[in-house]
Structure formats: C-alpha cells, structure tokens
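Asks: Pasting a structure here, questions to come.
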Protein chains: 2
Amino acid sequence: MTHAVIKDVLSGQYQVGDTVTVKGWIRTKRDSKAGISFLAVHDGSCFDAVQAVAPAELNNYENEIKRLTTACSVIVTGTIAKSEGQGQAFEIQASSVEVVGWVENPDTYPMAPKRHSMEYLREQAHLRARTNMVGAITRVRHCLAQAIHRFFHERGFYWISTPIITGADAEGAGEMFRVSTLDLENLPRTDKGTIDYKQDFFGKETFLTVSGQLNVETYACALSKVYTFGPTFRAENSNTTRHLAEFWMIEPEVAYAELKDVAQLAEDMLKFVFKAVLAERADDMAFFAERVDENAISRLQSMIDSTFVRMDYTEAVEILKNCGKKFEYPVEWGVDLQSEHERYLAEVHVGAPVILQNYPKDIKAFYMRMNEDGKTVAAMDILAPGIGEIIGGSQREERLEQLDARMDQMGLNKEDYSWYRDLRRYGTVPHAGFGLGFERLVSYVTGVGNVRDVIAFPRTPGNADF
Amino acid sequence: MTHAVIKDVLSGQYQVGDTVTVKGWIRTKRDSKAGISFLAVHDGSCFDAVQAVAPAELNNYENEIKRLTTACSVIVTGTIAKSEGQGQAFEIQASSVEVVGWVENPDTYPMAPKRHSMEYLREQAHLRARTNMVGAITRVRHCLAQAIHRFFHERGFYWISTPIITGADAEGAGEMFRVSTLDLENLPRTDKGTIDYKQDFFGKETFLTVSGQLNVETYACALSKVYTFGPTFRAENSNTTRHLAEFWMIEPEVAYAELKDVAQLAEDMLKFVFKAVLAERADDMAFFAERVDENAISRLQSMIDSTFVRMDYTEAVEILKNCGKKFEYPVEWGVDLQSEHERYLAEVHVGAPVILQNYPKDIKAFYMRMNEDGKTVAAMDILAPGIGEIIGGSQREERLEQLDARMDQMGLNKEDYSWYRDLRRYGTVPHAGFGLGFERLVSYVTGVGNVRDVIAFPRTPGNADF
C-alpha cells in the first residue's frame, strides 16, 4: 500500500479511486447520527488535514473509532474520493482505521483542540508543534531558511560555519555567556590567587559568540563571497518580544563590495525570500492572514513591489526634527534612533522600506569604515514598515591605519585583534556585509509578534526548559 | 565594466574579445625576459586562478606590476583571449592592473606559495582559506551542506533548530560544557552553602547540547519528517583526528519509520551528496585526488554504485570470531566493536559499506527500541571502507512501559525526561532517525584525514584561537 503524504492527497497527486494509506494524527473527529465518523487526519506535511470518512461497518468502529480523540495516532487506508464538503477537493473513504497510539486522559491533554494563548503554548514547547499555529510557523521558518541558503548558493556564496565558542568579543559589548568545564566548587587558582583559566578546557577564558562577522571576514578575504547561518548568543537581561538569549543569524560578507553593494544584496535577498514564502507556503500564509494579521500577505507583496528608499542618517534627522510629530525620545544629530523614529520614517514619511546610511561614528562599532567627512561611517540599517530595523550592515574599515586609530579611540587592545588586523596587512580589499536576525525575519513574515514563538525552544532570562 | 567572476571566465561564459574586469588576489607571478608578466589571479569562485597577461606597456608596469607578490589584491581589466598555454582555455590580455592592497613584508608573509604542513596552517587559521587546500575544502564543505539541505527539502523534511543551550544531557555521558553568567570570583550560595544556580542566567544549571535528537523527536511527532543541522559539543579530552569539541551534526527524525526505513534514508542521502560533490566540485575533487588521496573520486563513485550490505551485529561477531585475523581487541558478543573490527567488515569481508544493525542493549542508549529478543535494540551504524563508522542511528522506543523500564535500569531520573515521556503518552508513533557528524563526512569526501582541517576554526582541548 502506498504511504501517501497528506499534502499529495490534497493537491491531487492521486486519482479518484486510488487506494492509499495515510499516517498521522487526529486533529478533530465528528460522528454523524447516520453512523459515520469524519476524521480530520494531519501529518504536518501541509496546513490542512485530510478528511477520512469512516463508516460504521468497520470492525473496530464501535470499540475504537468512536473513542478516538484529538492527537490519537492513526493509519488510515481507503480510496480517494471527490469531497462533497467545502474547502477540500478530495477525501478518503476509509476501509481501515488502525489506531497506533491513544491519548492518555484526553480530558487533560494539554493541546486540546481549542485556541490556546501563546504564553501557554510556550510552557508546552514539546507539544506545541502539534497546533495549527506552531505547525504553520515551523513550515514558514523552514521555507525561509531554505530560501536563504538557495539565494546565496545561486549567487556563488559559500556557507562558512564560524565558531560558536570563542575568546573574542566581536561587538565589544561584553554581554557574553561563559563556556567552561572548570569545577565551580573547586576553582583552580594561580599563584596570585586569581582563577587559573589556563586549566580550563581551552586553556583560556571562552564565551559563546555574539557574531560570526570578524571570523567570516577572514574567509571573504580569500573566497570573495561567503555567509554564515548559525546560532549567536547575548547574555542580555532583556525581556522583550524582540530579544532571545539564543538566536540564529545570517551574515553575508563580500570582498570588493562597498556599502551600496550590500544594501542592494540585502534588498534582493529580502524580496527573494518573501517571494519564496508566498509561492511555497500559501496555505500557512493564508492562516496567518486570517488569524494573526490580516496584512500578513499584502505586507510581503508590497515589500516585493516597492523600491527600498536610500536615505542618509543626517537627512533622516532633519526630517524627524521638522516633521512636527512629538517623539518620546528627542532627536538630535548624533543620537541613536529609537524604534519610534525608525517606524515614523518607514511607515509615515516614506511608506516603504528605508535603507538608512552613514551613521555618526560614535554610535557604531570600531570595524565600520570611516567616511571622508571624518564624522560618519559607512553603516546601514534597513527599516521596514511595521517592525523597524530588520537588517544592520556596514562597509568594513580595510585601511590598517584608520582601523588602528579607531581601536585606539575606543580603547580596544590591538593584540587581541592581531589576526583581524592581518587581513589589512596582507592584500587588503574593500569589503562589506550585513547581519539579519533570523527570528526577527520569521516574526515579520508570519506576523507573530514575539520571537519566542518562532523558534522551537526559546532561551530567555530564566528560561531554558526542554 | 562587467565585474566577472573568475569561474565564469574560465568556463567560457564570456566570448573571446569581451572586455571584463576581475577582482581578486595574486596567486603567483612570473616575469618573462621579453617584458611581460603573467599573473595568476584567483577570487575563490573555483579552484583555478585565471592567467592575466600584463605587458610592459602598462604605465605602472615597472613601479607596481613587477613588484607584485603572492596575496596582493588586484583589479585586472582586459580582453578575453584563447590561452596558448596548457590547462586553461581562456586568459585575459590586461589593459589595466590596479593594485588594491600590498603585502607587508612579502618575505615573511605566512602563506608564501609553497607547500605548508596542515599543522602550520591550523596556526594560521585566519589566512589558511587563501591556500589551494583549504579553499578547496571550504567549497566542498559548502557543496555538501547545500546538498544535505536540498536532499531533505525535496523529500518534505522541515529543518528544526534545536536548542544549543540546554539543561538536559541527551546522551547521559556527562561530557558537557557549562554555560553560565555567574561571577566566578563571587559565586552566589544557597543557605546550605552550595552554588545557587537559581541566580544563574537561566535560573538553573545549563550546558551546551551534545545532540538535538530528543528535542527534534518532539517535532517529528507533529510534522512527521524533520531534521536538524547545527552545532553540537563534547567536552571530551580527545586529541584524535576524529574529534572536535565543537562540530556540526545532521539529525533527521521520521515519524512512522522503522529502523530499515532510516537505514535506507541514510544510504540514499550519502549517495545523493556524493553525486552532488562529483557533479558540482569536479575541480576541487581533482585536486584532492592529485594531492591528498588518489582514490578520492573513485571511492565516492564506488559508494554511489554499491548496494550497502545490511548485517546483524550478531552475525558480524560470528564473522569476526571466525575470520582467522588477530585483532588487538578480542571480539565477543556484547562488546562494542572497535575501529579495526568495523574496517575489517567493510573493507575486507564485504568490500562495500555495511549497515550493522541490532546491537546489544547494554552498549546502547536508553532511547533505542527494544527488539523482541529482549537482548538487542533497533540500532544501526553505517561503516564505510576507509573510515569506519560514519552514521549512527536507531528506532526510538515509542512504548512508554518499555522506555520507563530502560530508564529505571540505567538509573535515569524520569522526571528530568517528563516532556520526552509525554510523546509516548499522547498519540505515540513508531519513529526513527540517525546522526551524521558533518566534519567526518567532509573529511571522508576530501580524504583530508583530520577533522580539524575541514572546519574553519577548530575547537579542541587547549585550542580556541581566533
């Protein structure tokens, strides 16, 4: 018997009259007075369940089929038939319904078929993939990840797995998790009484990476076009809808590229992955539009159709100062823009995504390339209507003298970055890149507002369950 | 002027007479007595460099072009010509050679164009991607990663990012790295004087994951076909050519699958990715065959052409006991097989990959499904000629009673695994999966024998540089 994937049954890959077997779980069951049970069976291959019609003649109808509840696992064999009901073209006329696994105490089953709060689902992270909501998020997340890999692969980029455990603080922000095998009850000490990290696993202090950028630059300066796609970490005590302690990031890096080149790359990438989601996950996107955000689909389509507007930070500050709107945080040249400012620019002033460029050097990282004005650096943020910043990038300082000057100004120890400086000593080239927080992208695409709901097992302050 | 990728120039994407610009680095330079310089320029897009012919007429010939050394960055503009030399069809007749970046002290440049030891290259991990060897490894690694994602995507699997930071020890082996933000110089204490992990970032003890399997099972029991592809960690003091403290792993998990199904999936996957490498990276594979292992290509081809042989552990023990060969470690039913045994089976006895199945329960993990004999579990290892074990997998114990019995026997605390047990309480299904260590795969494919050389920045005991 063919084990048929439910997506294939519903999309007409089988003929009416074909005998198939589907294997999955009961989503809902309805018994008619005429002695027929309608089983909605799903297997996760697509949003919809297939309807299996089980007649009373089946020999386990009374003692098993009628007792089925949500989440029981079943193997259904039957023939494909045109569906009389609305919404689906095909259903299965069951000739056999085998119960594989029952649900213990259905009355207390945590994922009963009703609307659960997202907070409740987080507490049941091991079961929440069984819901319509988290199933749809998971499929869209997968689609986005595949599209990102495909986008870069088709353009000749190589995927680099930069290290997770590191001795370096790429952002200099200090919000890092320590990684250690030292026995905390019996810490080794040096002669001077300090902790002897030479005895730790790696022979020194190590942490979880906050970014693969500095590492991946070494590969861009050899293979020209590279990208990372891996987990990054922030030990930041942020309890917001936009922060995770563990999140995935995509960081392309391109040799011989200037800021404008990676701005275009970012725009192309976003449009590419949005198109992929609309084409490949129409079922799940329809659900998000119905249940989460009525603009879920139109928002992506309008991003695809729009031209992203390039604007200098300095111009943006002028616009914000003169727009007549009162902001909670006042704007002056030199301040970091807040979410309220970013959203005003993208949503009200431009009405389309904005690529904001050339920020004051003092609010940006040491590795960003100094512009000729000596005051700004070649950095960019992409601001999207409805979410604010979604991508941050920059051209990197490829001139050793200027890089050293910035490191001195910011009090960084040049010896710690000797390998990074080597790239500027040996055949240096202009290069640029950006970072995209993957969970923020999934959140933006699905309309699901909290990043904790778009990663399987979210890690946040106080939460590392499962 | 078109910025041409060197791969496209060499593969004939441009016409003879077209003017192009290539941007890259000098691999080697040769000056003829006739006043012409031959520059081998590479950009990482493929194995080969393109030859650019620079005549003495160029205005910076004497003061710049003649001073070029390996690794200088250059932008070369010129016309495509048929190459007179051997090996390449096309070259560039340069009309302009712009030097972008010089090499400081060429005499001491660490990546001088000669053969370096792999050990030396590891010490220069930030520059080694510039060598033929590590460039080729990186492209093959990328090709394998893409092929793996493509393989699973085409078969309806969803990629799941299982957590990196975890409170659970999936393998029960205890060789984990601690993740913490506690101040080691000032550890918080409970009333009883023990360390108060409630005050740590996640409110409890946390570690780096050793496997995503238990987590991804929760998604297989909702979406049917899923896989992980992410970093995993072992705080094991192993200084071998096959061990890393940080490595990437692929772990598919399939609902309604038995051991034989995932054995077939693994065989199909290996053949799929080997075919992809031979088709897409013929240039790099030719280099490995020439410089690393003359069988690099034929070994993959023979894996593709062979049928993997299925064999029970019990049968394998009989073969090993009766084969007449003296092993360092004697074989008896119940022992874990050593590399010498695995390689004898695959290389001598069968002469093809072997899928060894149904191992004694006492040498396998608690989650593997008990066979009807009560002595063996539905586990498999795939043994490949030339390397030994390359994949390990199993059918999971989906019956709660049997799972609990195993956990009791092995002294595991069932409360720690309550969420894992829930999968068996609510609509349990047979399911199975396997794990593939990505660096071991790259090592096998390239013939590069040490896994430290096939990951960008290897982490091993005492080493977390860069």
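The values are calculated or read from the model by the stated rules, or taken from the named source; none is laboratory data. If you're wondering where the values come from, they're calculated on a predicted model, not measured in any experiment. When we count neighbours, we look across all protein chains shown, and the Cβ atoms used for this are built from the backbone with ideal geometry, even at glycine. The area values use the complete protein model at the heavy-atom level, side chains included, leaving out ligands, DNA and RNA. Shrake-Rupley method; radii C 1.70, N 1.55, O 1.52, S 1.80 Å.
Here is a yes/no grid of residues against (1) outside any loop (DSSP other than H, G, I, E, B); (2) among the hydrophobic types (A, V, I, L, M, F, W, C); (3) in contact with a His (Cβ under 6 Å, 6 or more places away or on another chain):
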{"residue": "B:Ile391", "(1), (2), (3)": "yes, yes, no"}
{"residue": "B:Leu403", "(1), (2), (3)": "yes, yes, no"}
{"residue": "B:Asp408", "(1), (2), (3)": "yes, no, no"}
{"residue": "B:Gly411", "(1), (2), (3)": "no, no, no"}
{"residue": "B:Asp416", "(1), (2), (3)": "yes, no, no"}
{"residue": "B:Arg421", "(1), (2), (3)": "yes, no, no"}
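So that you can scan it fast, the table gives a plain yes or no per residue for (1) open to solvent by 50 Å² or more (accessible area, probe 1.4 Å); (2) within 11 Å of chain A (Cβ to nearest Cβ); (3) modelled with pLDDT of 95 or more; (4) within 29 Å of B:Glu154 (Cβ to Cβ):
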site	(1), (2), (3), (4)
B:Cys221	no, yes, yes, yes
B:Phe229	no, yes, yes, yes
B:Glu236	yes, yes, no, no
B:Arg242	yes, no, no, no
B:Ala245	no, yes, yes, no
B:Pro252	no, no, yes, yes
B:Lys260	yes, no, yes, yes
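Asks: OK, next. Take the residues in the range A:89-109 that are part of a loop (DSSP other than H, G, I, E, B) and within 8 Å of chain B (Cβ to nearest Cβ); name whichever of them is nearest to A:Val9 (Cα to Cα). Talk me through it step by step, then tell me what you get.
Replies: Residues of the range A:89-109 part of a loop (DSSP other than H, G, I, E, B): A:89, A:102, A:104-105, A:109.
Restricting the remaining residues to those that are within 8 Å of chain B (Cβ to nearest Cβ) gives A:102, A:104, A:109.
Details: A:Trp102: 25, A:Glu104: 30, A:Tyr109: 29 Å.
Among them, the one singled out is A:Trp102.
Asks: Please determine, by comparing only the residues of the range A:70-104 that are of a type in the set (Asp, Glu) and at pLDDT 95 or above, which one is surrounded by the most Cβ atoms within 10 Å (Cβ to Cβ).
Replies: Step one: of the range A:70-104, the residues of a type in the set (Asp, Glu) are A:84, A:91, A:98, A:104.
Then keep just the ones that are at pLDDT 95 or above; that gives A:91, A:98, A:104.
Details: A:Glu91: 22, A:Glu98: 13, A:Glu104: 14.
Among them, the one singled out is A:Glu91.
Asks: For the range A:440-457, how many residues are under 23 Å from B:Cys221 (Cβ atoms) and open to solvent by less than 20 Å² (accessible area, probe 1.4 Å)?
Replies: Of the residues in that region, 8 qualify.
Asks: Of the residues B:Asp283, B:Asp268, which is in a helix (DSSP H, G or I), among the acidic types (Asp, Glu) and more than 29 Å from B:Val429 (Cβ to Cβ)?
Replies: Values: B:Asp268 fails: more than 29 Å from B:Val429 (Cβ to Cβ).
Of B:Asp283, B:Asp268, the one residue that is in a helix (DSSP H, G or I), among the acidic types (Asp, Glu) and more than 29 Å from B:Val429 (Cβ to Cβ) is B:Asp283.
Asks: Now for a separate question. Filter the range A:142-161 for residues that are open to solvent by less than 10 Å² (accessible area, probe 1.4 Å), more than 7 Å from chain B (Cβ to nearest Cβ) and not β-branched (Val, Ile, Thr) and give the result.
Replies: Matches in the range A:142-161: A:Cys143, A:Leu144, A:Ala147, A:Phe151, A:Phe152, A:Phe157.
Asks: While we're looking at this one, here's another question. Determine, yes or no, whether A:Val331 is free of Cβ contacts under 8 Å to residues at least 40 places away in the same chain and touching a Lys or Arg at 6+ places or on another chain (Cβ under 8 Å).
Replies: For A:Val331, the condition - free of Cβ contacts under 8 Å to residues at least 40 places away in the same chain and touching a Lys or Arg at 6+ places or on another chain (Cβ under 8 Å) - is met.
Asks: Further question: From the list B:Phe434, B:Phe466, pick out the single residue that is outside the structural domain of B:Leu244 (by the TED database) and either under 31 Å from the mean Cα position of the chain (by Cα) or in a strand (DSSP E or B) (or both).
Replies: Details: B:Phe434 fails: outside the structural domain of B:Leu244 (by the TED database).
None of the other options fit; the residue is B:Phe466.
Asks: When you look at B:Arg130, is it modelled with pLDDT of 95 or more and either more than 9 Å from chain A (Cβ to nearest Cβ) or under 17 Å from the mean Cα position of the chain (by Cα) (or both), yes or no?
Replies: On the way: modelled with pLDDT of 95 or more: yes; either more than 9 Å from chain A (Cβ to nearest Cβ) or under 17 Å from the mean Cα position of the chain (by Cα) (or both): no.
No, not satisfied.
Asks: Moving on. Would you be able to tell me the number of residues in the range B:294-309 that are under 18 Å from the mean Cα position of the chain (by Cα) and not in a helix (DSSP H, G or I)?
Replies: Qualifying residue count for the region: 0.
Asks: Collect the residues in the range B:48-69 that are open to solvent by 30 Å² or more (accessible area, probe 1.4 Å) and either assigned to a loop (DSSP other than H, G, I, E, B) or modelled with pLDDT under 95 (or both), keeping them in residue-number order.
Replies: Here is the first cut: in the range B:48-69, the residues open to solvent by 30 Å² or more (accessible area, probe 1.4 Å) are B:48, B:51, B:55-57, B:59, B:62-64, B:66-67, B:69.
Those that are open to solvent by 30 Å² or more (accessible area, probe 1.4 Å) and either assigned to a loop (DSSP other than H, G, I, E, B) or modelled with pLDDT under 95 (or both): B:Asp48, B:Ala56, B:Glu57, B:Asn59, B:Glu62, B:Asn63, B:Glu64, B:Thr69.
Asks: Say we look at the range B:202-219 and pick out the residues that are free of Cβ contacts under 8 Å to residues at least 40 places away in the same chain and open to solvent by 10 Å² or more (accessible area, probe 1.4 Å); which of these is nearest to B:Glu175 (Cα to Cα)?
Replies: In the first step, residues of the range B:202-219 are kept if they are free of Cβ contacts under 8 Å to residues at least 40 places away in the same chain; the result is B:202-205.
Keeping just the survivors that are open to solvent by 10 Å² or more (accessible area, probe 1.4 Å) gives B:203-205.
Working: B:Gly203: 21, B:Lys204: 18, B:Glu205: 14 Å.
So the residue we want is B:Glu205.
Asks: Still on this structure, I have one more. Would you check which residues across the range A:3-19 are closer than 17 Å to B:Ala255 by Cβ and either away from chain B (no Cβ under 12 Å) or open to solvent by less than 50 Å² (accessible area, probe 1.4 Å) (or both) and list them?
Replies: If we filter the range A:3-19 for residues that are closer than 17 Å to B:Ala255 by Cβ, which is where we start, we get A:3-9.
Result: A:Ala4, A:Val5, A:Ile6, A:Asp8, A:Val9.
Asks: Return the residues of the range A:385-407 that are away from chain B (no Cβ under 13 Å), over 18 Å from A:Ala168 (Cβ atoms) and either free of Cβ contacts under 8 Å to residues at least 60 places away in the same chain or surrounded by fewer than 24 Cβ atoms within 10 Å (Cβ to Cβ) (or both); say none if nothing qualifies.
Replies: Listed by number, the residues that qualify are A:Pro385, A:Gly386, A:Ile387, A:Gly388, A:Glu389, A:Ile390, A:Gly392, A:Gln402, A:Ala405.
Asks: How many of the residues making up the range A:32-47 are buried (at least 19 other Cβ atoms within 10 Å of the Cβ) and not small (Gly, Ala, Ser)?
Replies: Matching residues across the range A:32-47 total 6.
Asks: Only one of these is open to solvent by 30 Å² or more (accessible area, probe 1.4 Å) and either within 29 Å of the chain's Cα centre (by Cα) or charged (D, E, K, R) (or both): A:Asp284, A:Asp336. Name it.
Replies: One residue alone meets the criteria, A:Asp336.
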